[in-house]
1. Please identify the pairs in which a residue from segment 189-215 that is among the β-branched types (Val, Ile, Thr) has its Cβ atom under 8 Å from the Cβ atom of a residue that is open to solvent by 20 Å² or more (accessible area, probe 1.4 Å) and part of a helix (DSSP H, G or I), counting only partners at least 6 apart or on another chain.
2. Within the set of pairs 6+ apart or on separate chains, which have a first residue in segment 315-327 that is open to solvent by 40 Å² or more (accessible area, probe 1.4 Å), a second that is modelled with pLDDT of 95 or more, and C-beta atoms under 6 Å apart?
3. With (1) in a strand (DSSP E or B); (2) within 20 Å of the chain's Cα centre (by Cα) as the list, and ALA75 as the residue in question, which single condition is left unmet?
4. Would you mind stating whether ARG38 is touching a residue at least 12 places away in the same chain (Cβ under 8 Å), over 24 Å from HIS203 (Cα atoms) and either charged (D, E, K, R) or open to solvent by less than 50 Å² (accessible area, probe 1.4 Å) (or both)?
5. If you scan segment 14-31, which residues turn out to be within 17 Å of LEU74 (Cβ to Cβ) and buried (at least 19 other Cβ atoms within 10 Å of the Cβ)?
6. When you go through LEU292, LEU335 one by one, which is the residue that is surrounded by 23 or more Cβ atoms within 10 Å (Cβ to Cβ), within 30 Å of LEU192 (Cα to Cα) and among the aliphatic types (A, V, I, L, M)?
7. Picking from GLU440, GLU451, GLU434, which residue would you name as being at pLDDT 95 or above, within 18 Å of LEU335 (Cα to Cα) and among the acidic types (Asp, Glu)?
8. Anything in segment 24-51 that is modelled with pLDDT of 95 or more and in a loop (DSSP other than H, G, I, E, B)? List them, or say none.
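The values are calculated or read from the model by the stated rules, or taken from the named source; none is laboratory data. No experiment lies behind these values; they were computed from the predicted model shown. For neighbour counting, all protein chains shown are included, and Cβ atoms are generated from backbone atoms with ideal geometry for every residue, glycine included. Please note that ligands, DNA and RNA were not included when accessible areas were found on the heavy atoms of the full protein model with its side chains. Shrake-Rupley method; radii C 1.70, N 1.55, O 1.52, S 1.80 Å.
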Amino acid sequence: MPAPARDLTPFFAPDSIAIVGAGERATSSGGAVMQMLRQAGYGGRVVPVNPKGGTIFGYESVTSIAGIDPAVDLAVIVIRPDAILEAVGQAADRGIRNLLILPGGFAEAGPAGMARNDALLKLAAERGLTIAGPNCAGIVHLDPARRFAATFLRDLPPGTTAGATNGLAFISQSGALAEEFIDKANARELPLTSVVSVGNAVHLGVEDYLGWLGERPEIGAALLYVESIDDHERFREVARKVVARKPVIALFGGRTEIGGQAANAHTGAVANDDAAIDAFCTSCGIVRVKTLRRLLVAAKAFGRFPQGLGSRALILSNSGGPGVLCADQAALEGLDLAALPHAMADVLRQQLPAEASVANPIDLLADAREDRFGLAFEAAMTHAAQTYDMLLMIHVVPFMVDAQPVIARLAELATTAPVPVMHSMMGTLPGRAEWFATMERAGVPMFNDVEEMAEAAGLLARYPILRTAAKSERLPPVTFKDRKTP
């Protein structure tokens, strides 16, 4: 009988929080957590705990955990490892049942750390505590209704607006990759809302966070970085439930012999080859990616289309070479590049130059301006909306064509298009920032690379198949090697 799922609300949306080890110095762990909590705009009750007392980041502190009155929903512990067990006991005495422990010095830290880890587990069991971490970078959850960040990561992700349902969650067994994902999300304006650094996972593993975040209406897709899983059956059960509603995309580290050895040293993972990881992901309903770059591509894709798309694609280009490369990658991704409907082909043959290619991909020729792009776009929407699940557009900007009117026309048409649109621009782009922003505001994900756009389309096309299988409980079972006991 599986253990009931823990309520993780205190770890993502607490009404009150204590920072044990709080300080004013930004370069200290306690200072960094206080700073990020304020930067997130957390609106709940904050109680800094510092033996010196005083005011810390505008909050009146207490000198000991015993002075927290009333008890808080969550205590974040950022003190030296040898003092943590005593602090946990004091928190339990004060009636605090949920603790987020950021420092290391436990199972990853040799015999002394293992002894400390065993004592922590025993104390938690005796006192009915739930512990996140230790040895983690913290938790960020920027739900517009309750923005929260208990972390010493250096920045916050972009988050989403109130009422949005396309927020991304990133759950990572690497704090460094959590930091990298936040950086890339800000640079690429991805709707990253929640970031979890799992750490040693004495109580809460990837599947616990996935289960809770999978229920949140503001989260549209979950992305994972995984090296080790303790209970594969439970992980699969949780993943399948989430996948039936929203996509889960995972990057598994340690898929080679050398990488597996590194993962074992990092998290105690057992090496599994590519085929075993593939089979496990399929059995869970997870969209698997094999590189961090692909995980970021997936974030871009599912951040715009969280329910995925069908596999029938139309490629519309103004350049032959990029169209060929896009078609190649689309085919490798398993997309269906069906022939143009006769009615659409007739319109294009009548109105495009004779040298244009009326096929899939369509080649409008390099000198295509807004009239030609608009004609092809409207023909696709009028005559092929039932034939294709997505339109992949490619726009190379030659010296003799002003791209601004093209972008303006395409953005205007895209806002009411019945078929989802993605767009790639290549070459020297003097107005790149403005052009990309215009299209993104029209709901069109923008790419620098036609192959990356096709990759995004392929990832989007995989999820609906897995969702259907998860809903009908037709995902295959599989055996996966268990994690070694440290």
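1. Hits for this filter: VAL202/LEU121.
2. Listed by first residue and then by second, the contacts come to LEU325/VAL450; LEU325/GLU451.
3. (2)
4. So ARG38 fits the description; yes.
5. Hits for segment 14-31 are PRO14, ILE17, ALA18, ILE19, VAL20, GLY21, ALA22, SER29, GLY30.
6. LEU335
7. GLU451
8. Within segment 24-51, GLY41, TYR42, GLY43, GLY44, ASN50, PRO51 meet the criteria.
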